[in-house]
Structures are given as C-alpha cells and as structure tokens.
Amino acid sequence: MTPLGALTRGLVASAVGTLAMDTLLFSRYRRGGGTDRFPAWEFSAGVEKWDDAPAPAQVGKRLVEGLFQRPLPPERARLVNNVTHWAFGLLNGVQYGLVAGSLRNPRLRYGVPFAVGVWGSGYAVLPAAGLYEPIWEYDATTLARDLSAHLVFGLTTAAAFNALTRMAGRAA
C-alpha cells in the first residue's frame with residue numbers, strides 16, 4: 001500500500017468511525033430525554049455563544065484566535081465545534097491509516113489501542129488546556145461511557161480501513 005493510499009483510506013475510514021461514534025452518542029442523548037433530531041444534534045443546534053460551546057469548539061477557538069490573532073464572534077461557536085470535532089476524528093484516522101497501512105496485515109483488533117490512545121489523549125491535553133478536569137476527577141461511569149464511544153470510533157475506523165483495503169485489492 002502506498003502512503004497516499006493509506007492516508008486516503010484512513011481519512012475515509014475515520015469519517016465512518018466518527019459518524020458511528022456520533023450515532024452512539026446521539027442514541028444516548030435521545031435515551032436521556034433529548035428531543036433534537038440527528039441533523040440538529042450533529043450540527044450543534046443550540047450552541048450560540050462560546051459559553052455554551054463544548055470542548056471541541058473551545059479548542060478550535062483557541063487555535064484560530066492564536067493563529068490569526070483576532071477574536072472569533074460568538075455566532076461562530078457552532079461552526080467551530082463541528083469543524084474541530086470532525087477534523088480531530090479525520091486527522092486521527094489519517095494517523096491510523098499511515099500506521100495500519102504500513103503493516104502487512106492490518107487487523108480489526110488494532111482499533112482498540114487506537115481508540116484508547118485517542119481517548120487518553122483527550123484526558124491528557126484537555127485538562128492541561130483548562131477544558132477538562134484531570135482524569136481522576138471523573139467517576140468510573142463517565143470514563144467508561146466516554147471510552148466505549150471511542151472504542152466504537154476506533155473499531156469502526158479499523159473495520160472500514162480493512163474493508164477499503166480489501167476492496168482496493170480486488171480492484172487491482
């Protein structure tokens with residue numbers, strides 16, 4: 001597999017993985033009493049100012065404002081949340097693709113350490129940025145729910161990567 005092929009497969013696979021994770025999170029939201037439909041929920045309906053914005057929006061805001069040295073208006077919170085969330089998933093998938101694509105036989109089970117790494121990186125970086133509490137401040141249920149969502153992301157990304165690799169092999 002070429003590096004470009006691995007990168008492309010990782011990008012596409014992580015889009016599938018991100019959507020799978022979001023589907024799980026949406027189902028939890030609905031079971032918890034949420035009433036928004038999936039498109040409104042997925043695209044952060046209700047996020048109208050930075051104070052309402054979740055961690056992905058806050059990270060994106062800091063990156064954009066730091067790079068361009070000007071403040072983002074509150075009406076950009078929704079867009080920045082979506083772009084940052086999806087960009088994080090896709091960029092992680094590119095990394096997965098490059099690593100898995102360099103292996104002779106990528107396996108579905110490689111999605112587990114990938115998922116744990118993505119999950120753990122959030123609990124390393126976001127507390128340092130002041131956006132999360134340190135990991136030991138969270139209860140086991142919260143951590144398990146978050147980890148399980150990331151496992152859906154990682155395993156779905158790995159499965160999609162493997163499927164894309166098999167499809168490319170048949171086409172060759």
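The values are calculated or read from the model by the stated rules, or taken from the named source; none is laboratory data. A quick note: this is a predicted structure, and the numbers were derived from the prediction, not measured. Please note: Cβ atoms are built from the backbone with ideal geometry, for glycine as well, and neighbour counts cover all protein chains shown. In case anyone asks, the SASA skips ligands and DNA or RNA and just uses the protein heavy atoms, side chains included. Shrake-Rupley method; radii C 1.70, N 1.55, O 1.52, S 1.80 Å.
Descriptive notes on the structure:
- Chain lengthening between Ala45 and Arg30 when straightened (0.36 nm per residue, less Cα-Cα): 3.9 nm
- Between the helical axis of 77-101 and the longest alpha-carbon principal axis of the chain there is an angle of about 20 degrees.
- Relative contact order (%) - criterion: Cα under 8 Å, at least six apart; region: the chain: 38 percent
- Acute angle (nearest 10 degrees) that the helix 3-31 long axis makes with the longest principal axis of the chain, alpha-carbon atoms: 50 degrees
- Between 0 and 90°, nearest 10: helix 140-171 axis offset from the chain longest Cα axis: 40 degrees
- Altogether, the Stokes-Einstein calculation at 25 °C and 0.890 mPa s, with the Kirkwood radius of the stretch 74-114 over Cα pairs as Rh, returns a diffusion coefficient of 206 µm²/s.
- Spatial separation of Cα centroids for the stretch 132-172 and the stretch 1-43, in angstrom: 10 Å
- Each 10 Å bin from 0 upward holds the following percent of the Cα-Cα pairs of the stretch 71-162: 15, 39, 32, 13, 1.
- The calculated FRET efficiency for Met167 paired with Leu67, based on their beta-carbon distance and R0 = 41 Å, is about 0.65.
- Largest to smallest in accessible area, the residues Arg104, Arg31 fall in the order Arg104, Arg31 (1.4 Å probe, all protein chains included).
- Three semi-axes of the equivalent ellipsoid, the chain, Cα gyration tensor, whole Å, largest first: 29, 19, 17
- FRET E, pair Leu4, Ala140, Förster distance 30 Å, beta-carbon r, rounded to 0.05: 0.10
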